[in-house]
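For reference, the structure discussed in these notes is given below.
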Amino acid sequence: MPLNELIIVVDDPISSFDSNHLFNSYSFLKAECESAKQLIILTHNFGYFRLVRDWILNKNKRDKPIKSRIYSIETTIDNGRQSRIKNANQTLMSFNSEYHYIFFKLNAFKETTELSLGEAFLVANLSRKLLESFLNFKFPKGRNDFSQLLAEAIKEDTHKREKIYRFINKYSHNAIIDVNDNSVDNLLGESSNIVTEVLGVVNNLDPIHFKEMESLLG
């Protein structure tokens, strides 16, 4: 069957373990699949997403029918694990780094009065990613793991350091907690405070950077 009659689905072609093949995979996909009747690309890799996003959205021309769209798959676990496809958030469409997007998400959670269970899990994962990126840049010398980075970032307030570390280390590794597990209440109760303290770490270490990030978010 000719390629222009096929619907092609490419599922997560780049993982965190082979990101060195990012451009090779992207150029191969563009060269071999561009003429497909319909092309659906799924990815968790932000760098790959950005390349594909800019490529396919460039196909949309003013005053002509839209050829390409961007969607996100959002998962909730409040009433059993469920996923749904939504139009991509505008931040995904405009930001050019995962760090900016994560900062935006956490900053939005800080302003949320009550987080859902799914959002609370996301807080743990995003907080780890944000701090690892920021602290590895801030303290590049001899920092081998997350606990060492936090120890360098928060030297005096050991209580705060331990709280942030234990929360992130426990919940960022779990996809789901049994609803009968008492730690669910802890997760929901602590998430908002953790967001504030994680962003506070960034602000304390580099207020100029933090202010620039906030201004970027509008």
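Quick one: if the Förster radius is 30 Å, what FRET efficiency do Glu32 and Phe139 give, using the C-beta to C-beta distance and rounding to 0.05? Display every interim value, and only then the final one.
Numbers: r = 43 Å, r/R0 = 1.42.
For R0 = 30 Å, the calculated efficiency reads 0.10.
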Lysines whose Cα lies under 27 Å from that of Lys67, excluding same-chain neighbours fewer than 8 positions away: Lys30, Lys37, Lys59, Lys86
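Apply the a/c threshold of 1.5 to the C-alpha gyration tensor of region 45-146 and tell me whether it is rounded, prolate or oblate.
On the way: a/c = 2.44, a/b = 1.33, b/c = 1.84.
Oblate, since a/c reaches 1.5 and b/c is not below a/b.
Of the listed peptides 163-171, 22-30, what is their order by residue-averaged count of other C-beta atoms within 10 Å, with the highest listed first? List each step's numbers first, then the result.
Details: 163-171: 18.4, 22-30: 15.0.
Peptide ranking by packing, descending: 163-171, 22-30.
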Residue-span extension gain [Asn107 to Lys64] - 0.36 nm each, minus C-alpha spacing: 11.8 nm
Crossing angle, helix 158-171 versus the chain [Cα axis fit, 0-90 degrees, rounded to tens]: 40 degrees
Taking Tyr71, Tyr101, Tyr48 and counting other C-beta atoms within 10 Å, the order from fewest to most: Tyr71, Tyr101, Tyr48
Cα-based helix-to-principal-axis angle, 22-33 vs the chain, degrees rounded to 10: 30 degrees
Distant-in-sequence amide H partners of Val10 (H built 1.01 Å from N, under 5 Å): Ile40, Ile41, Leu42
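Order the peptides 86-98, 55-67, 128-140 from the highest to the lowest mean number of other Cβ atoms within 10 Å of their residues. Please list the in-between numbers first.
Details: 86-98: 13.1, 55-67: 10.0, 128-140: 16.9.
Packing proxy ranking, top to bottom: 128-140, 86-98, 55-67.
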Estimated inter-spin distance, Gln82 and Leu205, nm [label 7 Å along Cα→Cβ]: 3.8 nm
Estimated D of region 3-69 in µm² per second, where Rh is the Kirkwood radius over Cα pairs and Stokes-Einstein applies at 37 °C, 0.692 mPa s: 260 µm²/s
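Mind giving me the FRET efficiency for Ile7 and Glu162? R0 is 45 Å, r the Cβ-Cβ distance, nearest 0.05 is fine.
Details: r = 51 Å, r/R0 = 1.14.
E(calc), rounded to 0.05, equals 0.30.
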0 to 90° range, to nearest 10: angle between helix 98-110 axis and the chain longest Cα axis: 50 degrees
Partner lysines for Lys160 [C-alpha distance under 28 Å; skip if fewer than 8 residues away on the same chain]: Lys105, Lys110, Lys129, Lys138, Lys141, Lys170, Lys211
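How many percent of the alpha carbon pairs in the chain exceed a separation of 33 Å? It would help to have the intermediate numbers written out before the result.
Values: 6251 of 23653 pairs.
For the chain, the share of Cα pairs beyond 33 Å comes to 26 percent.
Bear in mind that the values in this text are calculations on the coordinates, not laboratory data. Everything numeric in this text was worked out from a predicted model, so none of it was measured. All Cβ positions, even for glycine, are placed from backbone atoms using ideal geometry, and neighbour counts span all protein chains on display.
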